Amino acid sequence: MNESKRNKMVAAITVNVIILIAVLVSVVIYQLVDIYVLTSRRDKLKAEISDIKQKIETTQDTLEYYKSESYLLDKAFELGYVFGDD
């Protein structure tokens, strides 16, 4: 009986160790997938931030042009204003 109990104990421990290893491997795989997803999302967000910064620069340049005197002159000529000789 003592030998039988020992074999059952070893078998139970072996099964528990295998289950623990399977759980740990599944957790590691889940973490790797999560890291990949987050890295992909981070890269997309960085690209989007870069695009938005570029649009801000372009819009800032356009705004400066609209505020300038040369825009007013261009718009005046476009609308048909003619400046006489002073």
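Things to note:
- Meets criteria (of a type in the set (S, T, Y), at pLDDT 95 or above and open to solvent by 90 Å² or more (accessible area, probe 1.4 Å)) for Y30: yes
- Selection of region 65-86 for residues being over 39 Å from the mean Cα position of the chain (by Cα) and either touching a residue at least 40 places away in the same chain (Cβ under 8 Å) or open to solvent by less than 90 Å² (accessible area, probe 1.4 Å) (or both) yields S70, L73, D74, K75, A76, G80, G84.
- Cβ-Cβ under 8 Å pairs, at least 6 apart or on other chains, region 34-56 side surrounded by 10 or more Cβ atoms within 10 Å (Cβ to Cβ) and modelled with pLDDT of 95 or more, far side assigned to a helix (DSSP H, G or I) and polar (S, T, N, Q): none
- Filter result for T62 (among the hydroxyl-bearing types (S, T, Y), modelled with pLDDT of 95 or more and either open to solvent by less than 90 Å² (accessible area, probe 1.4 Å) or within 19 Å of the chain's Cα centre (by Cα) (or both)): no
The values are calculated or read from the model by the stated rules, or taken from the named source; none is laboratory data. Note that the coordinates shown come from a computational prediction; the quantities given were computed from them, not determined experimentally. Cβ: placed from backbone, ideal geometry, glycine included. Neighbour counts: every protein chain shown. Each accessible area value is taken on the protein alone, full model and side chains, heavy atoms only, with ligands, DNA and RNA left out. Shrake-Rupley method; radii C 1.70, N 1.55, O 1.52, S 1.80 Å.
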